[in-house]
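**Q** Can you read through this structure? Questions will come right after.
The values are calculated or read from the model by the stated rules, or taken from the named source; none is laboratory data. These numbers were taken from a predicted model, which means no experiment stands behind them. Methodologically, a virtual Cβ is constructed for each residue, glycine included, from the backbone with ideal geometry; neighbour enumeration extends over all protein chains shown. Just the protein is used for accessible areas: all its heavy atoms, side chains included, with ligands, DNA and RNA removed. Shrake-Rupley method; radii C 1.70, N 1.55, O 1.52, S 1.80 Å.
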Amino acid sequence: MGGRIQSVTTIFVIILVLLGTACDAQLSSTFYDTTCPNALSTIRTTIRTAVSKERRMAASLVRLHFHDCFVQGCDASILLDDSPPTIVSEKGALPNNNSVRGFEVIDQAKAAVEKVCPGVFSCADIVAVAARDASFAVGGPSWVVKLGRRDSTTASITLANADLPLASDDLNTLISRFSNKGFSAKEMVTLSGAHTIGQARCVTFRNRIYGNTSDIDAGFASTRQRGCPSLINNDNNKKLSPLDLVTPNSFDNNYFKNLIQKKGLLQSDQVLFSGGSTDSFVSEYSKNPTTFKSDFAAAMIKMGDISPLTGSAGIIRKICSAIN
């Protein structure tokens, strides 16, 4: 009898230990309250300064978080530079090459945080916090960022090429890509609303504005052609145009209004309102900016939960671009 009681007690203790370990591995908004209480204000100052110098940086930092989380999870793998033969940087992937930016701002935030609490705050958490602060800096929503991510020691250009959306994606492809990460079609539309700020390169929308298709406003196409010549060369490909011509530097719901008017710049934008299953979501957000911002904040929190490294997994990188 005593042996049975001892066995039950042992099992109970093991369960408690496992539960404790699971709890320790969860992200929490208070994760650094004791170890680095000034980190969030330090990061916020860096992001505000960067966005005040260049409003476009807000969109870049939100996108950086997205492109990090969709590849291997929110682990700062996108920040790693090439380190042959072990690391082939995700920065060279088709959706990222000459496109994803803001790395220097993350480096500045990391350096500032290292001064107040060295070796404590992860690069992955800085990327997540920076996206929130960048959104708020241009009139977008804020949200409570859950913290406690650790940094990856690997990157995957293969997954970056496979998992990240492309400007040419059709609706079914977009729904599938987001579904693979646990998002509904509505959440996909919500997150796409980040295109209310930022700019796109000519190469990503040239085919759309010169295609003479029925899903683009003729006047809008003509206007965009002035900033994106039909002649294909490296200089023209790199020319930039605002995703939203009306309020390109303000986080609002004009993106959805544009889609209803057939003025989506990217093909992957316009397909969200093209007679398909997501039309109703676009219509809803075009009429209710408050609902859009609330849903966007919730979707960003959910995105930050994609496969984080926690507990003893991963490392805390001293320099975000390298394993050190």
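**Q** Could you rank the peptides 86-92, 169-175 by their average count of other C-beta atoms within 10 Å per residue, with the highest value first? If you can, show how the numbers build up before the last one.
**A** Details: 86-92: 18.6, 169-175: 16.6.
Highest mean packing first, the order is 86-92, 169-175.
**Q** I'd like the carbon and sulfur percentage of the solvent accessible area for the stretch 38-164, probe radius 1.4 Å, heavy atoms only, ligands and nucleic acids excluded. Numbers along the way, then the final one.
**A** Details: 2430 of 4570 Å².
Of the solvent-accessible surface of the stretch 38-164, carbon and sulfur hold 53 percent.
**Q** Moving on to the next point. Where does the chain land at 222 nm, in deg cm²/dmol rounded to the nearest 500, when only DSSP H runs of n ≥ 4 count, each adding -39500 (n - 2.57), divided by all residues? Please list the in-between numbers first.
**A** Numbers: 15 runs with 160 residues, N = 324.
The per-residue figure over the chain is -15000 deg cm²/dmol.
**Q** In terms of solvent-accessible area of protein heavy atoms at a 1.4 angstrom probe, what is the ranking of I306, I301, highest value first? Intermediate values should be presented prior to the final figure.
**A** Values: I306 20, I301 55 Å².
Putting I306, I301 in descending order of accessible area: I301, I306.
**Q** Measuring from a point 7 Å past the Cα of T247 along Cα-to-C-beta, which residues in the stretch 174-208 have an amide N at less than 11 Å?
**A** Within reach of a label on T247: 197.
**Q** Using a 1.4 Å probe and ignoring any ligands, DNA or RNA, find the accessible area of F103 and quote it in Å² to the nearest 10.
**A** 40
**Q** Quick check: convex hull over the Cα atoms of the stretch 74-208, volume per residue in Å³, rounded to an integer? Each step should come with its number before you reach the end.
**A** Numbers: hull volume 18.9 nm³, N = 135.
Taking only Cα atoms, the stretch 74-208 has a hull volume of 140 Å³ per residue.
**Q** Now, a different point. If you take the Cα Rg of the stretch 95-148 and divide it by 2.2 N^0.38 Å, with N the number of residues, what do you get?
**A** Values: Rg = 12.3 Å, N = 54, 2.2 N^0.38 = 10.0 Å.
Rg over 2.2 N^0.38 Å, computed on Cα atoms: 1.23.
**Q** Another one. I need the per residue convex hull volume for the chain, using only the alpha carbons, in cubic angstrom as a whole number.
**A** Details: hull volume 52.6 nm³, N = 324.
For the chain, the hull spanned by Cα atoms encloses 162 Å³ per residue.
**Q** Hey, could you get me the Stokes-Einstein D for the stretch 242-324, Kirkwood radius over alpha-carbon pairs, 10 °C and 1.306 mPa s, rounded to whole µm² s⁻¹? Mind showing how you got there, number by number?
**A** On the way: Rh = 15.4 Å.
Here the translational diffusion coefficient equals 103 µm²/s.
**Q** Over the chain, what is the relative contact order in whole percent, taking alpha-carbon pairs under 8 Å and six or more residues apart? Please list the in-between numbers first.
**A** Details: 532 pairs, mean separation 80.0, N = 324.
It comes to 25 percent, rounded to a whole number.
**Q** For the stretch 195-220 and the stretch 252-292, what is the centre-to-centre distance using only Cα atoms, to the nearest Å?
**A** The stretch 195-220 and the stretch 252-292 have Cα centres separated by 15 Å.
**Q** In whole Å, what is the distance between the alpha-carbon centres of the stretch 75-133 and the stretch 167-194?
**A** When both Cα centres are located, 24 Å separates them.
**Q** Related question: If we sort 105-115, 121-131 on the protection proxy, mean other Cβ atoms within 10 Å, highest first, what's the order?
**A** On the way: 105-115: 19.5, 121-131: 28.8.
Taking the mean over residues of other Cβ atoms within 10 Å, the ranking is 121-131, 105-115.
**Q** Taking N as the number of residues in the stretch 224-267, what value does Rg over Cα atoms divided by 2.2 N^0.38 Å take? Present the calculation step by step, with values, prior to reporting the outcome.
**A** Values: Rg = 12.1 Å, N = 44, 2.2 N^0.38 = 9.3 Å.
Normalised Rg, Cα atoms only: 1.31.
**Q** Separate question: Using R₀ = 30 Å, calculate the FRET efficiency as 1/(1 + (r/R₀)^6) where r is the Cβ-Cβ separation of T153 and Q26; round to 0.05.
**A** On the way: r = 22 Å, r/R0 = 0.72.
Once rounded, the FRET efficiency stands at 0.85.
**Q** Please list the helices of the chain that count as membrane-span-like by this rule: a mean Kyte-Doolittle hydropathy of at least 1.0 together with Cα atoms stretching 15 Å or more along the helix axis, each helix being a complete DSSP H run. Don't jump to the answer; show the numbers that get you there.
**A** Working: long enough: 2-24 (33 Å, 1.46); 39-53 (22 Å, 0.22); 56-69 (20 Å, 0.21); 103-116 (20 Å, 0.25); 123-137 (20 Å, 1.11); 289-303 (21 Å, 0.28).
Membrane-span-like by this rule: 2-24, 123-137.
**Q** Report the label-to-label distance for S52 and D170 in nanometres (one decimal), using points 7 Å from each Cα along the Cα→Cβ vector.
**A** Rounded to a tenth, the inter-label distance reads 4.8 nm.
**Q** Expressed in nm², what is the orientationally averaged projection area of the convex hull enclosing the Cα positions of the stretch 171-303? Present the calculation step by step, with values, prior to reporting the outcome.
**A** Numbers: hull surface 32.0 nm².
About 8.0 nm², averaged over all directions.
**Q** With +1 assigned to the C-beta of every Lys and Arg and -1 to the C-beta of every Asp and Glu, and no other charges, what is the dipole magnitude of the stretch 38-164 about the Cα centre in debye, to the nearest 20?
**A** Numbers: 14 positive and 13 negative charges, 109 e Å.
Value, rounded to 20: 520 debye.
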